[in-house]
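Asks: First the structure, then my questions, so here it is.
The values are calculated or read from the model by the stated rules, or taken from the named source; none is laboratory data. Values in this document were obtained by computation on a predicted structure and should not be read as measured data. Cβ placement follows ideal geometry from the backbone for every residue including glycine, while neighbour counts extend to all protein chains displayed.
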Amino acid sequence: MEMEAGIRGFGGGVIGALACLVSRRVFGTVGLWVVLVASGTAGIILASGWSLTDLTVNSGRLIKLGASSFGGTMLFGIRKAKSGFGKEAAGLHAPMSRYARENESAARIAAGEGLPAAALREVPAPRPEVKGEEITPRGVSWDASEPGRPGISSLDGRPPTTGSTTISEHTRQSSAGAWGDGAKGVGGEAQGRTGRGLGESGKPVRTESRGEAGQGSGQGSREGRQPAREGALGYTQITLGPEILYEVPPITLLSGGISSEVEKRKRKKDDKSLMARANLLVETLANFGVNVSLTDVKVGPAVTRFEVHPAKGVKVSQVSRLADDIALALAAPEIRVEAPIPGKSAIGIEVPNLETSLVRLRDVIESRAFAELKSPLRLALGKDIAGNPIVAGLDKMLHLLIAGATGSGKSVCINAIITSLLLATRPDEVKFLLIDPKVVELSVYNGIPHLISPVVTAPKKAASALRWVVNEMMRRYEAFGETGVRDIAGYNEWAKNQGPEKGKRLPYIVVVIDELSDLMMVSPVEVEDCIFRLAQMARAAGIHLVVATQRPSTDVITGTIKANIPSRIAFAVSSHVDSKTILDMVGAEKLIGGGDMLFLPVWATKPVRVQGAYVSDREVERVVAFASRQCRPQFEADVTSVQEEDTNSSVDDELFRKALAIVVEQGQASVSLLQRKLRIGYSRAGRLIDAMEERGYVGAYEGSKPRDVKITWEEYERLFGPKAQSGADIRSEEKTDVRSEARAKTDYRQSKT
C-alpha cells in the first residue's frame, strides 16, 4: 500500500514509501509513529530556532489559545475570538536569531536596564550605521537628555563605541557628589569644541571638521580640533584630526577601595585600642619626666599621629630624643616625631597602624580636591595622615624627583602619576617621553597615543633623546619670541585666537626617567648637562621632568640636579644620610615602606607624610588598552633619527680622527693609550675605541692585549684626506700646549713675587 501511494506521488513519493516500509518492518507500527513524531519535532526545532523548552511553553500557549478562541466563538462571536487570538498571539515566546538577541541586549543596556557583569562582558557593542549626518547604532535608541539613563557599553560601562568613534557622552557623578556639573553638559561650548553636537533627539550629529556645533542646546565656538573636557573626568569626544576622535579613559577602569561606611565602622572598632595606645604614650613620656597633654589623634591609612602639647618648661628636643623608648613601649617598628607640627602648637608622634588600609588611585581621583584642582597636569598622589587626598599639579611643582630603596613603592608611584595623566588628558594636550633602562617597568605603555617615541630602554639612546628634548625646548622659546608671549599657556591662547590654520597649540611634554643611576653610569656628563638645562629652563616651555632612582647617593643625585628639581618625594631609605641627600633633612629613614612617603613640594618648607595611591598592573593594562585601541601614537621623526644616528655620531668628529691617527701610528689600540695622548676620560676613550671597532678599523677585544689595527696610513689619508693630522702633529700640538701652560705658570709666580 505504501508503494502504490508513493508511485502516485503521495506521502513523500517513492523515497518516502521505501523509508516507511523499512521503518514499519524494523520498528513496527507503534514504533514507526514514535519515530515520525520525534523526527517532526526535531525538524520544527531546527527550522524555527526554538529550544525544547520554548517548544513546550509555546505548545501549551497554543492549546490555551485554541481553547479560549473556541470559547470566545461560542459566547461572543467570531470577531471577538479573532481579537482575543491576536492579543494572545502577541505573548508567544517568539524565537530570536543571534543577531536579534544581541540587538535586544544592546537596546536594554542603552535604555539603562541593569545586566549581570558576565552578560555585559558577553554582549558586543552594536555596530554603528552612518546615515547622512547622524551616527546611530543599529538596534539601539536612547535619549541623552535623560540624566538618569546613560548609555553604557558591554565592556566598561561607557557609551557604545566602535574603534575610535564615540556614540554618546555623559558625565559620571561620584557617590560623594564631587564632580558638580562639569563644563556645559551636552551641547553648548563643549560641543562646539568637539566638532560634534547632540541633536534634538539626543543623538550625536556630525558637524563640519572646523568645529561648528550641530543642532545642540547651545552655540558652539569655532576652535577646530581643540575640544575641551567635560567636567573633571567627563566622557568627552575630542578630535585629533579631521576624522579622528579620542575619548578619555573612564574612571570605571580602575578598582575602587573600601567605602566610607565600612571605613567608619572599622575605625569605631579601633577607637578603644587607639585610646589605649594614646594613654600608654602619655604614660611613657611621664615616666621619663616629660609631661604632655593629648590634644588630637589623626588616623590615616597607614599611620596614626598623636598630637601632644608639652607642659611648661618641657623642651621639644626632650620628646624627640625619646623616639626609641616610645617605639619600645608601643611595640611599634618605627616612630617618627614631627616637632613641631607646621601651623600648630603641638608635637606630632607618628605611630604605624596595626593594619594598613590600601589607598586606591580611583578613590583619590574621585575626590573633590582632584576635581577642583586647576591644572592641566593633575596628579593623584595619595592620602595624608588625616585621610585627606593629596593632589598636585605638575606644572606648579616644576619638576619632580622620586627616590627610595628597592621595594619602597617608586614604580607604583610612577604608574599612578602616568595613569592620572592618561585619565585626565588627551594626546594633543600631553606627550610622554618614557626612559626605562630597566626595560620591564614602563614597557606596558608602548602603544598609547601620548608617546613621542617608543619607550627608550638603551642608556646611550636615552642621552640622545634628552638632547632632542633640549632642542625642542629651544625651538619653543624661539616661537615664544616671535609671537611675543612668555610661556606655553600664553602661546596656546595666542594659537587659539589665531585659529587652526595659522596657529597650532603646543602640548605639554612630560619626561619620565625610571632609573637615573643607570644613565649616570653610562654617560654622566651628557645626562647631567641635559637634565640641568631642562630643569633650569624647560618649565615655561611646558616641559617637565619626573626623575626616579633607587640609589640616592651624591654621585647619582648631584648637587646640580638637586638644586634644579625643587619638588621631591622620598620613600623609605636605609639611613639618614640618604634622607638628607633627597630632602636635605632627616625623616625618610623612619618610613615603614609599602608606599609610605614624604612629599616635599616646591611651595612647602616641611614634607608631608603621605600613603601613596596604589594602582595594580591589571588596572594599568586596562587603561593602556582603552587608550591604545582608539588611535596609534604619532612618533616624532627627529627623536627616532637622533637615536639611530647616535652610535655613529662620534665617528665623524675631529676627536675621532685624531684618535684614529694615534692608533694608526702606534700600531695598536687601547683605551689607556687614548687617555694619555688625548687627555680625555675613560668613558669617552672607550666610546672612541668602540666606534673604531664598529667601522672595522681595529680588531675585537682580547683581554689585556692591545687591539690590532686593520687600517694603514694610505687608507687613513684616503678616508680623511691628505691634510688629516698625523700622530706627530698631535704630539707637537700637545708639546706646544704643555709649553704654553708652563710659561703661564712661570709668569703667574713671577707676578706674585
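Asks: For Ala346, are the conditions met, namely being loosely packed, with under 13 Cβ neighbours inside 10 Å and of a type in the set (A, V, I, L, M, F, W, C)?
Replies: Details: loosely packed, with under 13 Cβ neighbours inside 10 Å: no; of a type in the set (A, V, I, L, M, F, W, C): yes.
No.
Asks: Identify all residues within segment 493-513 that are modelled with pLDDT under 90 and within 20 Å of Leu433 (Cβ to Cβ); write none if there are none.
Replies: Once the filter is applied, which keeps residues that are modelled with pLDDT under 90 and within 20 Å of Leu433 (Cβ to Cβ), segment 493-513 yields Lys504, Arg505.
Asks: From Ile569, Ile561, which residue is assigned by TED's automatic domain parsing to the domain that holds Pro376 and at pLDDT 90 or above?
Replies: On the way: Ile561 fails: at pLDDT 90 or above.
After applying the criteria, what remains is Ile569.
Asks: Restricting to segment 535-593, and then to whatever is under 24 Å from the mean Cα position of the chain (by Cα) and at positive phi, can you tell me which residue is surrounded by the fewest Cβ atoms within 10 Å (Cβ to Cβ)?
Replies: Per the stated criteria, the residue is Gly593.
Asks: Next question, about the same structure. Taking Arg687 and the conditions (1) surrounded by 10 or more Cβ atoms within 10 Å (Cβ to Cβ); (2) modelled with pLDDT of 80 or more; (3) charged (D, E, K, R); (4) under 17 Å from Gly667 (Cβ atoms), which numbered condition does it fall short on, given that it satisfies the others?
Replies: With respect to (1) surrounded by 10 or more Cβ atoms within 10 Å (Cβ to Cβ); (2) modelled with pLDDT of 80 or more; (3) charged (D, E, K, R); (4) under 17 Å from Gly667 (Cβ atoms), Arg687 is out only on (4).
Asks: Test Lys272 against the criterion of being part of a helix (DSSP H, G or I) and surrounded by fewer than 12 Cβ atoms within 10 Å (Cβ to Cβ), and give yes or no. So that I can check it myself, show each step before the final result.
Replies: Values: part of a helix (DSSP H, G or I): yes; surrounded by fewer than 12 Cβ atoms within 10 Å (Cβ to Cβ): yes.
Yes, satisfied.
Asks: Can I ask one more? In segment 364-375, is there at least one residue being in contact (Cβ under 8 Å) with a residue 24 or more places away in the chain, surrounded by 19 or more Cβ atoms within 10 Å (Cβ to Cβ) and under 29 Å from Asp578 (Cβ atoms)?
Replies: Yes, that holds for at least one residue.
Asks: Here is a further query. Go through segment 553-570 and give me each residue that's in contact with an Asp or Glu (Cβ under 7 Å, 6 or more places away or on another chain) and either aliphatic (A, V, I, L, M) or closer than 16 Å to Gly593 by Cα (or both). First the steps, then the outcome.
Replies: First, the residues of segment 553-570 that are in contact with an Asp or Glu (Cβ under 7 Å, 6 or more places away or on another chain): 558, 560-561.
Correct list: Ile561 only.
Asks: Now a separate question. Kindly establish whether Ala700 is out of contact with any Gly (no Cβ under 6 Å at 6 or more places or on another chain), outside any helix (DSSP H, G or I) and among the small types (Gly, Ala, Ser). Steps first, answer last, please.
Replies: Numbers: out of contact with any Gly (no Cβ under 6 Å at 6 or more places or on another chain): yes; outside any helix (DSSP H, G or I): yes; among the small types (Gly, Ala, Ser): yes.
The answer is yes for Ala700.
Asks: Give just the number: which of (1) more than 23 Å from the chain's Cα centre (by Cα); (2) modelled with pLDDT of 90 or more; (3) of a type outside the set (S, T, N, Q); (4) not in a helix (DSSP H, G or I) does Phe599 not satisfy?
Replies: The one condition Phe599 does not meet is (1).
Asks: With the structure loaded, tell me whether Glu733 is under 19 Å from Ala659 (Cβ atoms) and modelled with pLDDT of 75 or more or whether it fails that test. Give the derivation first.
Replies: On the way: under 19 Å from Ala659 (Cβ atoms): yes; modelled with pLDDT of 75 or more: no.
When the stated conditions are applied, Glu733 does not pass them.
Asks: Let me ask another. Only residues that are more than 15 Å from Tyr716 (Cβ to Cβ) and more than 44 Å from the chain's Cα centre (by Cα): list them for segment 669-699, please.
Replies: Ser670, Ser672, Leu673, Leu674, Gln675, Arg676, Lys677, Leu678, Arg679, Gly699
Asks: Before we move on, is Ile509 crowded, with 21+ Cβ neighbours inside 10 Å and either outside the structural domain of Val610 (by TED's automatic domain parsing) or part of a loop (DSSP other than H, G, I, E, B) (or both)? Don't jump to the end; show me each part of the working.
Replies: Values: crowded, with 21+ Cβ neighbours inside 10 Å: yes; either outside the structural domain of Val610 (by TED's automatic domain parsing) or part of a loop (DSSP other than H, G, I, E, B) (or both): no.
Judged against the criteria, Ile509 is not a match.
Asks: For residues that are in contact with a Gly (Cβ under 7 Å, 6 or more places away or on another chain) and in a loop (DSSP other than H, G, I, E, B), scanning just segment 386-406, find the one that is surrounded by the fewest Cβ atoms within 10 Å (Cβ to Cβ). Break it down stepwise before answering.
Replies: So in segment 386-406, the residues in contact with a Gly (Cβ under 7 Å, 6 or more places away or on another chain) come out as 386-387, 390.
Among the residues that remain, those that are also in a loop (DSSP other than H, G, I, E, B) are: 386-387.
Details: Ala386: 10, Gly387: 16.
Across segment 386-406, the extreme among qualifying residues is Ala386.
Asks: Looking at the structure I just gave you, is Glu472 surrounded by 13 or more Cβ atoms within 10 Å (Cβ to Cβ), among the charged types (D, E, K, R), assigned by TED's automatic domain parsing to the domain that holds Val527 and touching a residue at least 24 places away in the same chain (Cβ under 8 Å)? Steps first, answer last, please.
Replies: Working: surrounded by 13 or more Cβ atoms within 10 Å (Cβ to Cβ): yes; among the charged types (D, E, K, R): yes; assigned by TED's automatic domain parsing to the domain that holds Val527: yes; touching a residue at least 24 places away in the same chain (Cβ under 8 Å): yes.
Spelling it out, Glu472 is indeed surrounded by 13 or more Cβ atoms within 10 Å (Cβ to Cβ), among the charged types (D, E, K, R), assigned by TED's automatic domain parsing to the domain that holds Val527 and touching a residue at least 24 places away in the same chain (Cβ under 8 Å).
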